[in-house]
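Encoded as C-alpha cells, the structure appears first; notes follow it.
The values are calculated or read from the model by the stated rules, or taken from the named source; none is laboratory data. The structure presented is a predicted model; accordingly, all values stated were derived computationally and were not measured. When we count neighbours, we look across all protein chains shown, and the Cβ atoms used for this are built from the backbone with ideal geometry, even at glycine. Note: areas computed on protein heavy atoms with side chains; ligands, DNA, RNA excluded. Shrake-Rupley method; radii C 1.70, N 1.55, O 1.52, S 1.80 Å.
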Amino acid sequence: QVREWKKEGSKRYMCTGRPGWLTVSLRVGKYKKTHKNIMINLMDVLEVDSERQVVRVEPLVTMGQLTAYLNPMGWTVPVVPELDDLTVGGLIMGTGIESSSHIYGLFQHTCVAYELVLADGSLVRCSPTENSDLFYAVPWSCGTLGFLVAAEIKMVPAKKYVKIHYQPVRGLQKICEKFAEESKKKENSFVEGLVYSLDEAVIMTGVLTDEAEQSKVNRIGNYYKPWFFKHVEQYLKEDRTGTEYIPSRHYYHRHTRSIFWELQDIIPFGNNPVFRYLFGWMVPPKISLLKLTQGEAIRKLYEQHHVVQDMLVPMKSLEKSIQTFHDDLHVYPLWLCPFILPNNPGMVHPKGDETELYVDIGAYGEPRRKQFEARASMRQMEKFVRSMHGFQMLYADCYMTREEFWDMFDGSLYHKLREEMNCKDAFPEVYDKICKAARH
C-alpha cells in the first residue's frame, strides 16, 4: 500500500485506516478523512520465545488478548495497561502505564524491538543495538515516523494472585510521603493511589504470589462485584487497613468494568447492587460503541464539561501537582501511578541525566470547579506541567501551541529522523496530528 502511494505521486499524508471511533482515546481524529488510509489488519500474537523471554506481536493485539494468551503458558508482560481494548501499537506510539511501572517504566520501556514499514516502503527492524535512533524515537511519535507492524516485548513469569494491601492515608503531605516511599520499594510488585479528596486517599501495594488464604480471595472482576474504586473507598470510610488476594487477571483489569470511574457519569446507578446482579454482565459498554453512537452535540458538551487527562510529573512535585489539580479542575477520584523514567534518548526523558521517579496523575470526570472552562483551564494545567518538567499523555485533548509542545517534549531526535527518512511528505508532524490548535 505504501509503495502504491509512492507510485501515485505521494500526494497526501498517510495514516492507519483504523476508524477513529475504534480507538480508546476520546479524541476524534479529523485527519482520517483527509489522509490516505493504509489498512493494517495485523492482530496476531506471532511467537512466544521462552528462552529469550520475549513475545512478538502485531500492533492490533489488545491487552485483553495478550494476557489471555500468555497467562495459561505461565507468562505475562511486565506492564499490562488497564483497559482490555488498548492495543500494543497504541501503547507504543502513544504510551501506556500500569501500577508495576515503578519497576519497569512505561510500556515502551518493556519493548526490545520494533518492526516498521517506512515512508519509502521498506521494512526495518530497530532495537537498542540496530537502528537505535529509530528505536528510541518511535514511542510517543503517534505513527508519524512509519507504520508499526510488529513489536517484541519482554515477558515475566505470571503468578495466580496479587496480594494487595489497602491503606487509607489522610493529609496531603502524608499522602505524598507515603506514596513516594512505597513507590521506591522494589519489593512491591504494584503501587497505586486513589485520591478521593484533597486530603484523603487509599494507597495500595501488591505483590505477586501463587499462594492465597482462600477466605481472603476477592474475585473483583466478576460482573456482580462492586466497582473497584467504590470497593477501595470503603477502607477510607471505615478508616481501616486490609489485605486481600485478587486473581491476577482480575487485578490487571480492575478498573475495566467501570472504565476507571467514568461509568458513574454514563450510568449513575451502575454500582447499585440490584443493577449489578441483573445487568452487570452488560457493562462496560465498549468505548468504541459509545463513540460510534455519540452525536456531535453530546461530544461538544462532553468536551466542555468533562476532563480525561493524564499528566506525568516528577515524584518530587506530587504535592504541588495534586494541589494544582484541585484548584484548577477539582475532579475526584484522582489516579496516582508511579513510574521510573530512564534517561533514554527520544521525546520523553527526565530533565537531568539521571533516571528519575515520576508519577502519572489521572483526572477523569466532571470538573467541580465553578469557573472551569475547558480551553483556559487546560492551558493553565499544561503550563504548570511544563514548569515541573512533566509531560501530558497524547491521547487526550491538548491545547498547547507548537512552541509550547516542543518545550514540553524533546523533539531533537524526532525531527532529525523525520528529515533523514523523508517523513515530511509522508506523515504529518506529531503536533499536527494531536493538538487542538492544529486541527481547528
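Listed by position, the helices (runs of 4 or more DSSP H) inside the range 386-439 whose residues that are within 25 Å of Asn343 (Cβ to Cβ) and either in contact (Cβ under 8 Å) with a residue 24 or more places away in the chain or in contact with a His (Cβ under 8 Å, 6 or more places away or on another chain) (or both) number at least 3 are 402-408, 412-420, 430-434. The number of residues in the range 197-225 that are in contact with a Gly (Cβ under 6 Å, 6 or more places away or on another chain) and open to solvent by 10 Å² or more (accessible area, probe 1.4 Å) comes to 3.
Looking only at the range 188-196, decide whether some residue is part of a strand (DSSP E or B), within 23 Å of Leu66 (Cβ to Cβ), open to solvent by less than 40 Å² (accessible area, probe 1.4 Å) and polar (S, T, N, Q). Give the steps one after another, and end with the answer.
First, pick out the residues of the range 188-196 that are part of a strand (DSSP E or B): 190-196.
From what is left, the residues that are within 23 Å of Leu66 (Cβ to Cβ) are 190-192.
Checking the rest, the ones that are also open to solvent by less than 40 Å² (accessible area, probe 1.4 Å) come to 190-192.
Add one more test, that the residue is polar (S, T, N, Q), and what stays is none.
No.
Looking at (1) among the hydroxyl-bearing types (Ser, Thr, Tyr); (2) free of Cβ contacts under 8 Å to residues at least 60 places away in the same chain; (3) surrounded by fewer than 21 Cβ atoms within 10 Å (Cβ to Cβ), which is the only condition Ser258 fails? It fails just one condition, (3).
Name the residue that is nearest to Val149 (Cα to Cα), counting only residues in the range 1-54 that are among the aliphatic types (A, V, I, L, M) and at pLDDT 90 or above.
Of all residues in the range 1-54, those among the aliphatic types (A, V, I, L, M) come to 2, 14, 22, 24, 26, 28, 38-40, 42-43, 45-46, 48, 54.
Subsequent filtering for residues that are at pLDDT 90 or above retains 2, 14, 42-43, 45-46, 48, 54.
Details: Val2: 13, Met14: 15, Leu42: 7, Met43: 10, Val45: 12, Leu46: 11, Val48: 17, Val54: 16 Å.
By that ranking, first place goes to Leu42.
The residue that is nearest to the chain's Cα centre (by Cα), counting only those in the range 77-89 that are modelled with pLDDT of 95 or more and under 15 Å from Tyr104 (Cβ atoms), is Val79. Filtered by the rule that a residue be in contact (Cβ under 8 Å) with a residue 60 or more places away in the chain and in a loop (DSSP other than H, G, I, E, B), the range 67-92 gives Gly74, Val77, Pro78, Val80, Glu82, Leu83, Asp84, Asp85, Leu86. Confirm whether Pro367 is in contact (Cβ under 8 Å) with a residue 12 or more places away in the chain and in contact with a Phe, Trp or Tyr (Cβ under 8 Å, 6 or more places away or on another chain). The answer is no for Pro367.
Being open to solvent by 20 Å² or more (accessible area, probe 1.4 Å), of a type in the set (A, V, I, L, M) and within 30 Å of Asp49 (Cβ to Cβ) is the filter here, so list the residues in the range 132-175 that pass it.
Step one: list which residues in the range 132-175 are open to solvent by 20 Å² or more (accessible area, probe 1.4 Å), which gives 132-133, 136, 142, 149, 154, 156-161, 163, 165, 167-168, 170-174.
Right, trim to of a type in the set (A, V, I, L, M) and you get 149, 156, 158, 172.
Matches in the range 132-175: Val149, Val156, Ala158.
Pairs under 8 Å by beta carbon, first residue under 15 Å from Val80 (Cα atoms) in the range 44-66, partner open to solvent by 50 Å² or more (accessible area, probe 1.4 Å) and in a strand (DSSP E or B), six or more apart or different chains? Between residues of the range 44-66 that are under 15 Å from Val80 (Cα atoms) and residues that are open to solvent by 50 Å² or more (accessible area, probe 1.4 Å) and in a strand (DSSP E or B), the close pairs are Val54/Lys154; Val55/Glu47; Val57/Leu46. Listed by first and then second residue, the pairs linking a residue in the range 237-251 that is basic (Lys, Arg) to a residue that is open to solvent by 20 Å² or more (accessible area, probe 1.4 Å) and assigned to a strand (DSSP E or B), with Cβ atoms under 8 Å apart and 6 or more places separating them unless they lie on different chains, are Arg240/Pro168. Taking the range 112-162 as the range and being aromatic (Phe, Trp, Tyr) and assigned to a loop (DSSP other than H, G, I, E, B) as the test, only Trp140 passes. A single member of Ser50, Ser127 is of a type in the set (Gly, Ala, Ser) and open to solvent by 40 Å² or more (accessible area, probe 1.4 Å), and it is Ser50.
Among the residues making up the range 98-113, a single one is open to solvent by less than 10 Å² (accessible area, probe 1.4 Å), farther than 19 Å from Leu336 by Cβ and in contact with a Ser or Thr (Cβ under 8 Å, 6 or more places away or on another chain): Ala113.
Among the conditions (1) at pLDDT 95 or above; (2) among the hydroxyl-bearing types (Ser, Thr, Tyr); (3) within 15 Å of Pro139 (Cα to Cα), the only one that Tyr395 does not satisfy is (1).
Listed here are the residues, each with its yes/no results for (1) modelled with pLDDT under 75; (2) charged (D, E, K, R); (3) part of a strand (DSSP E or B).
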| position | (1), (2), (3) |
| --- | --- |
| Ser258 | yes, no, no |
| Gln264 | no, no, no |
| Phe269 | yes, no, no |
| Val274 | no, no, no |
| Lys291 | yes, yes, no |
| Gln294 | yes, no, no |
| Ser317 | no, no, no |
| Gln323 | no, no, no |
